[in-house]
1. Highest first, please rank the peptides 126-132, 226-232 by the mean number of other Cβ atoms sitting within 10 Å of their residues.
2. Using a cut-off of 22 Å between alpha-carbon atoms, which lysines can reach K103, once sequence neighbours fewer than 8 places away in the same chain are excluded?
3. Once the Cβ-Cβ distance between Q208 and E48 is put in as r, and R0 is 30 Å, what FRET efficiency do you end up with, to the nearest 0.05?
4. For Q128 and D240, what is the calculated FRET efficiency with R₀ set at 25 Å and r taken between the beta-carbons, to the nearest 0.05?
5. Build a GNM of the chain with springs between Cα atoms under 10 Å: which of N97, N141, N196 gets the top mean-square fluctuation?
6. Springs between alpha-carbon atoms under 10 Å, Gaussian network over the chain: tell me which of D114, D36, D87 tops the mean-square fluctuations.
7. Taking the mean number of other Cβ atoms within 10 Å as a proxy for protection, how do you rank 98-110, 201-213 from highest to lowest?
8. Counting each pair of different Cα atoms once, what's the Kirkwood radius of the chain in Å, rounded to one decimal?
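Any read-out appearing in this document is the output of simple, stated calculations on the displayed coordinates, not a laboratory observation. Here the structure is a predicted model, which means the values were calculated and not measured. Please note: Cβ atoms are built from the backbone with ideal geometry, for glycine as well, and neighbour counts cover all protein chains shown.
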Amino acid sequence: MELKNKIIVVTGGLGLLGRSFVKAILKAGGVAVVADIYITVSEELVSEVRKEQLPIENLHFHELDITSKDSVLSSINDISMKLGRIDALVNNAYPRNAHYGRKLEEVEYADFADNVSKHLGGYFLCMQQYALFFEKQGYGNIISMSSIYGVVAPRFEVYENAGFTMPVEYAAIKAGVIHLTKYFVKYFKGSHIRFNCISPGGIENHQQADFIAKYNSYAANKGMLDKNDLNGALIFLLSDASQFINGQNIVVDDGWSL
Ligand SMILES: NC(=O)c1ccc[n+]([C@@H]2O[C@H](COP(=O)([O-])OP(=O)(O)OC[C@H]3O[C@@H](n4cnc5c(N)ncnc54)[C@H](O)[C@@H]3O)[C@@H](O)[C@H]2O)c1
């Protein structure tokens, strides 16, 4: 499962999962382009990469807004000019507006539409434009982040007294990402482009102990995952070991959604 100089663009590459993905790509021999909003270079990530003695020359940065067609097109143009080609895209950004996360009764139509537009619309825009580039290039690989909540309905009892909920927009967005993936496989038949999804369960990120305990009671062994627990699935889908896997959704949740 080597990546052998594959050039991989990771949207939202400075986020919780994005940073871990970028380092896993470098470890596997790939070239990672961190494509995130409002950044030119992250000194923090650069120093983490140096500290872990990963090949710093294989780390690149590009400012990208996944909700802007001009920005997506510039990313394709600039990165392919600079590095000679693009082998894969990881659709991993997490745009949301200031009202995201309200419970169902309080979600305004405008906010529902805005959040679905930013996240699902942004994933569509990246898939559309990168797939058109990959079609010309003759091959490509797109991995999109979905979630267990794109596969199963929430267990709202886990969120009781947690102070946050599982937003209704998220269900629509993440189910949409899985189905868009299948649509793109069929549409780009014959173009040698692969499209797959990863659907993680909950990732531990300073949640309260009570929430974690409730969440974990539905899992098979570990419960909430560590941010690095998804790297195996990502590297597999990016590598040639998964060459003929197309249109699939790999659920990584320690059996939580069963
Ligand atoms: N963390 C989890 O528990 C979890 C679980 C299941 C699925 N996921 C999915 O994994 C993906 C990454 O999640 P995360 O927890 O790492 O998110 P995060 O919020 O930690 O990071 C998201 C990154 O996206 C960037 N971003 C936001 N808007 C953008 C835009 N318009 N253009 C480009 N970049 C933009 C942010 O700057 C940030 O660096 C998301 O699709 C999320 O839904 C996360």
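1. Working: 126-132: 20.1, 226-232: 16.3.
Answer by packing, highest mean first, reads 126-132, 226-232.
2. Answer for K103, where 22 Å is the Cα cut-off: K118, K174, K214, listed by chain and number.
3. Values: r = 27 Å, r/R0 = 0.90.
Efficiency for this residue pair is about 0.65.
4. On the way: r = 25 Å, r/R0 = 1.00.
For R0 = 25 Å, the calculated efficiency reads 0.50.
5. Maximum fluctuation in the GNM of the chain, among the listed residues, is at N97.
6. Between D114, D36, D87, it is D114 that shows the largest mean-square fluctuation.
7. On the way: 98-110: 12.2, 201-213: 14.3.
The densest-packed peptide leads the list: 201-213, 98-110.
8. Details: mean 1/r = 0.0534 Å⁻¹.
Evaluated on the chain, it is 18.7 Å.
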